[in-house]
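So the structure is just underneath, and the comments pick up after that.
Every read-out reported here was derived from the displayed coordinates using simple, explicitly stated rules and does not represent laboratory data. All values derive from a computational prediction rather than experimental measurement. Here the Cβ positions follow ideal geometry from the backbone for every residue, glycine too, while neighbour counts run over all protein chains shown.
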Amino acid sequence: MKEKSLFWKEHFWHGLISCCGLFVIVLTLAIGAFLVYKGSGTFTTYGHSIFEFLFSSDWSPVDSSKGGGSVGAAIFIVGSVSTCGLALLIATPFSLAAAIFMSEISPKLGTRFFRPAVELFVGIPSVIYGWVGLTTLVPAIRDLFDLNVGYSVLAAGIVLAIMIFPTITSVVTDAIKSVPNDYRKAAYGLGATRWQVIYQIVMPAAKPGVFTGIIMGLARAFGEALAVAMVIGRMRAFPTSILSPTTNLTAAIASDMGGSMDGGEYNTALWTMALLLFLISLLFIFIIHRIVGKGGVEKNESK
Amino acid sequence: MKANEKAKRVDRVMTWIFVAVAGFFILLLIAFALLVIGRGIAGFEPYMLSFTRDGIGNQLFNTVYLVVLALLFSVPLGIATGVYLAEYAKPGKVTHFLSICIETLSSLPSIVVGLFGYLVFIVMVGAQWNLVSGALAVSILNLPLIATTTKDAMESMPKGYRMGSMGLGATHWQTIRRVLLPACMPRILTGIILAAGRVFGEAAALLYTAGMSTDINWSNWDITSPTCPLNPFRPGETLALHIWASRTEAIRPDAAQIANFSSAVLLILVFAFSIGARVLGRRMERKLAGGK
């Protein structure tokens, strides 16, 4: 009798836990499916072309199920791309330098003090970054450049850069640490200076990890909604310089979704933006897999 | 020997650049934390802590309540998924696909998860904005973290644990339940605390699920009533959303002070959880290592 109940229990838990694993697959597919279902309405129900959505800047969808508006999201896309690009441009050199400092120049200070500090900052909620950006950075930019408003691509870029700096730094540090020590010893043995070792031996060897870190940072920047929405100004126009306000995909979804009619053209167009964000994050994962697969350097994050 | 000299000089210059950059960023991070906390304290008035419409007590309560609800969903599912991946899954297409799914979930923009939650838990159910749907949306976000931590912890267990247990005649499930999971607990717990810390600050996913209003009557303990604090089906604005709201709906004159103070509280909460997870993880690990 006891034997039998053990046997039964074994199968029960095996089944239950396998179901949980399957559920996660179903959940992910469901999210993808719902996004495709809601987002494709712009093209199927309302008959807009993908070309119009991606490249037209004429954005005036109708907030009803009649349709007939226009759904060119180019401004939002350009806003997203330019802010993330700027953020990456600012954050990457600093992150690489900080990562090199942590792993090559002063590993002791790095593991004791720098690393925990950086990891602490990965967890800071993005609204706090946004709020500080709004109350400190935006007025500072306004006064510094003598503008009417401080909301700008620059403000968004800086806020995002500070946000993704810890992400990139910790991934790149792991990558640099996983470069075998023999490489360094061999180079030093040949008389190379530390900078030569870093620049010519360590960094090329850590390249896949470095790119993975940068892409992870980019993914985080792309999906960030509220922090950017707070400082970008939400003005629907192409940015003329990095000091001009604009808007982006996530800010549009965050601010307009609540007020739009479910299933209307406006609502559907916003869903299409969400679908685009989803596809972009899939693309980032794909790129990371390609890089890691090619470089053959396995990341070891479990430690 | 000229090239040698030059290389040495470049080396020195680069070293200083790295030190300067690292120092600059540490200073920036410290300044950021001090700015947020300092401004919060500077604008602090006792009424801000009150559990009324003016204070942030209700929002703080909502935040904690939401974290608890979210963990109720994500912890069992996350641990089960981790156990499945580490113990039951056979290497193959399905397992590979599952790990890709987990990776996808972990890199989903939170606003997209928020929209999904809005569609499924609010529009399809036909409900009002409520805490449970917020908690469900957020648990989608921290599910991958808990699952990966569990899987990594289980896979790092010494082979001897499993062999010893099975050698004594325990079944696979008994081994998992009585030997492996308890041994992994410190690391899983650390992962859960880190996940909880993330929920505190989440705002984009809650925008259209938990809602932006809160109306609590602290003398009402009828759990079915929409003003009862413990009713999980009432709208509940969290601290992070409160900060966001003060940007968009700044109708009150003290909105900036409230947002400053909320930011400070939120930052301290997140830091406390993050440091707590670190200390706890280290202590439990030492205890286990000592007990061997």
> Taking amide hydrogens as modeled 1.01 Å from N in the peptide plane, which residues meet the under 5 Å criterion relative to B:T214, leaving out close sequence neighbours?
Replying inline: B:E237
> Which far-off residues, 5 or more places away or on another chain, put their amide H under 5 Å from the one on A:V71, with H placed in the peptide plane?
Replying inline: A:S60
> Mind checking the mean number of beta-carbon atoms from other chains within 10 Å of the Cβ atoms in B:144-150?
Replying inline: 1
> Residue-wise, which Karplus ³J(HN,Hα) couplings in Hz belong to the stretch B:64-78, taking 6.51 cos²θ - 1.76 cosθ + 1.60, θ = phi - 60°, and x for glycine or proline?
Replying inline: 5, 4, 5, 4, 4, 4, 5, 5, 4, 7, 7, 5, x, 5, x
>> Once you place label points 7 Å from the Cα toward the Cβ at A:N181 and A:I25, how far apart are they in nm?
In response: 4.3 nm
>> For a quick check: sort A:V179, A:V81, A:V153 by the number of other beta carbons within 10 angstrom, fewest at the front.
In response: A:V81, A:V179, A:V153
> Under a plain spin-label model, where a point goes 7 Å from the Cα along Cα-to-Cβ, how far apart in nm are B:K6 and A:Y188?
Replying inline: 2.6 nm
> Based on the alpha-carbon gyration tensor of the stretch B:179-256 and its eigenvalue square roots a ≥ b ≥ c, which shape applies: rounded if a/c is under 1.5, prolate if not and a/b is larger than b/c, or oblate?
Replying inline: oblate
> When averaged across all projection directions, what area in nm² does the alpha-carbon convex hull of the stretch B:43-290 cover?
Replying inline: 16.3 nm²
> By average Cβ neighbour count within 10 Å, what is the ranking of B:279-286, B:240-247, B:29-36 from highest down?
Replying inline: B:240-247, B:29-36, B:279-286
> How would you classify chain A from its alpha-carbon gyration tensor, with a ≥ b ≥ c the square roots of the eigenvalues: rounded for a/c under 1.5, else prolate if a/b is greater than b/c, otherwise oblate?
Replying inline: oblate
> Given +1 on the Cβ of Lys and Arg, -1 on the Cβ of Asp and Glu, and no further charges, what dipole in debye does the stretch B:43-290 carry about its Cα centre, rounded to the nearest 20?
Replying inline: 1180 debye
> Ordered by residue, what ³J(HN,Hα) values in Hz, to whole numbers, does the stretch A:123-138 give under the Karplus form 6.51 cos²θ - 1.76 cosθ + 1.60, where θ = phi - 60° and Gly and Pro are x?
Replying inline: x, 5, x, 5, 4, 5, 4, x, 5, 5, x, 5, 8, 10, 6, 4
>> Let me spell out the model: positive unit charges on the Cβ of Lys and Arg, negative unit charges on the Cβ of Asp and Glu, origin at the Cα centre of the stretch B:117-223. What dipole size does that give, in debye rounded to 20?
In response: 660 debye
> What residue among B:G126, B:G211, B:G114 shows peak mean-square fluctuation when chain B is described by a Gaussian network model with Cα springs under 10 Å?
Replying inline: B:G126
>> Which residue fluctuates most in the GNM of chain B (Cα springs below 10 Å): B:I79, B:I26, B:I17?
In response: B:I17
> Between A:G233 and residues 5 or more places away or on another chain, which pairs have amide H atoms under 5 Å apart, with H built 1.01 Å from N, and which residues are they?
Replying inline: none
> Cα-Cα over 23 Å: which of B:K90/B:K151; B:K93/B:K151; A:K9/B:K287; B:K90/B:K287?
Replying inline: A:K9/B:K287; B:K90/B:K287
> Mind checking which of B:R177, B:R278, B:R234 has the largest fluctuation in a GNM of chain B, springs on alpha carbons under 10 Å?
Replying inline: B:R177
>> Can you compute the modelled spin-label distance between A:F145 and A:T45, with each label point 7 Å from Cα toward Cβ, in nm?
In response: 3.9 nm
